[in-house]
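Single-structure report; data block below.
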Amino acid sequence: HDEIDRIIIPLSKKLPEHSIIKLRVNKLRHKIYGIKYHLDNFKKNEDDEITKFNSDYEGPNHEYHVDKPKLHYELEAFLFQIKSSLDVLSQIIGIVYGFTTPLYEKSGDVLIRALGNVKKENQLEANALAQVLINHKKWVSDTIDMRNEVTHFSDLTGYMSFLHHPWLG
């Protein structure tokens, strides 16, 4: 959490106490902690399974899939937290630049367009921020698509925890 706190706490300290933006910044910090929590849990569960493969494993004579629900749950929670964090970030940016963008919509296009229409004195910073969003648009869009698939279809098509190939040894 140190890395997250190093960014968020100094920012939060500069904001007026009990202001809506301070509340949103602290909510963003909480959401980013959630992302890290689910990523760490996923890695731990995955490492535990890999350790089992390295110690108690017999090569199969056919291909088969082993589903590990803990990995699915952590991946889904990770995706939900990322989208939720982007929504809160979008709200913070809207507050800072004086426009309303309630959600991170259309892969960030709504926010990027809004940043292009800020007051002239904020345009340089807003353009730089829009460029960051543009540079990260592909992976963010892919992540949101995966989250939407889980949300609306309740499945990550093609996701398999572990696929065992036949032992040809």
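The values are calculated or read from the model by the stated rules, or taken from the named source; none is laboratory data. All figures in this text were calculated on a predicted structure; none of them were measured in a lab. Positions of Cβ are generated from backbone atoms using ideal geometry, with glycine treated the same way; all protein chains shown enter the neighbour counts. Only protein heavy atoms, including side chains, enter the accessible area calculation; ligands, DNA and RNA are left aside. Shrake-Rupley method; radii C 1.70, N 1.55, O 1.52, S 1.80 Å.
Among 86, 71, 11, the largest mean-square fluctuation in a Gaussian network model of the chain (Cα springs under 10 Å) belongs to 11. The relative contact order of the range 1-103, computed from alpha carbon pairs under 8 Å that lie at least 6 residues apart in sequence, is 33 percent. Sites listed here are trypsin sites (Lys or Arg not before Pro) in the range 108-169 whose DSSP assignment is loop and whose Cβ has at most 14 other Cβ atoms within 10 Å: 119.
Taking 30 Å as the straight-line reach from the Cα of residue 14, the lysines in range (excluding those fewer than 8 positions away in the same chain) are 22, 27, 31, 36, 83, 119, 120, 137. As an exercise, identify the GluC sites (Glu not before Pro) in the range 1-69 lying in DSSP coil whose Cβ has no more than 14 other Cβ atoms within 10 Å. Here the GluC sites (Glu not before Pro) that fit, given the DSSP loop and packing criteria, are 17, 58, 63.
Taking 0.36 nm per residue of separation and subtracting the Cα-Cα distance, full extension of the segment from residue 117 to residue 137 would add 5.3 nm. Taking amide H positions as modeled 1.01 Å from N, with prolines and chain starts lacking one, the residues under 5 Å from residue 162 and 5 or more places away or on another chain are 66, 68. Shape class for the range 83-144, computed from the alpha carbon gyration tensor (a ≥ b ≥ c): oblate, with a/c not under 1.5 and a/b at or below b/c. Computed on protein heavy atoms with a 1.4 Å probe, the accessible areas place 153, 80, 162 in the order 153, 80, 162, largest first.
Around the Cα centre of the chain, unit charges on the Cβ atoms of Lys, Arg, Asp and Glu (plus for the first two, minus for the last two) sum to a dipole of about 1160 debye.
Taking 0.36 nm per residue of sequence separation and removing the Cα-Cα distance, the residue 14/residue 43 pair yields an extension gain of 6.9 nm. Taking 0.36 nm per residue of separation and subtracting the Cα-Cα distance, full extension of the segment from residue 149 to residue 168 would add 3.2 nm. Surface calculation, 1.4 Å probe, protein heavy atoms: residue 129 sits at approximately 50 Å² accessible. Considering only 98, 110, 141, the residue lying farthest towards the positive end of the dipole of the range 75-149 is 98, judged by Cα position with unit charges set on Cβ.
Can you check what the net charge comes to around residue 162, using other residues whose Cβ is under 13 Å from the Cβ of residue 162 (Lys, Arg +1; Asp, Glu -1)? Neighbour charge sum, excluding residue 162 itself: -3. Surface composition of the chain: carbon plus sulfur atoms hold 56% of the accessible area, using a 1.4 angstrom probe and ignoring ligands, DNA and RNA. What do you get for GluC sites (Glu not before Pro) in the range 75-168 restricted to DSSP loop and a cutoff of at most 15 other Cβ within 10 Å of the site's Cβ? When the GluC sites (Glu not before Pro) of the range 75-168 are filtered for loop state and at most 15 Cβ neighbours within 10 Å, 105 remain.
Accessible surface of residue 143, taken over heavy atoms with a 1.4 Å probe and every protein chain present, rounds to 10 Å².
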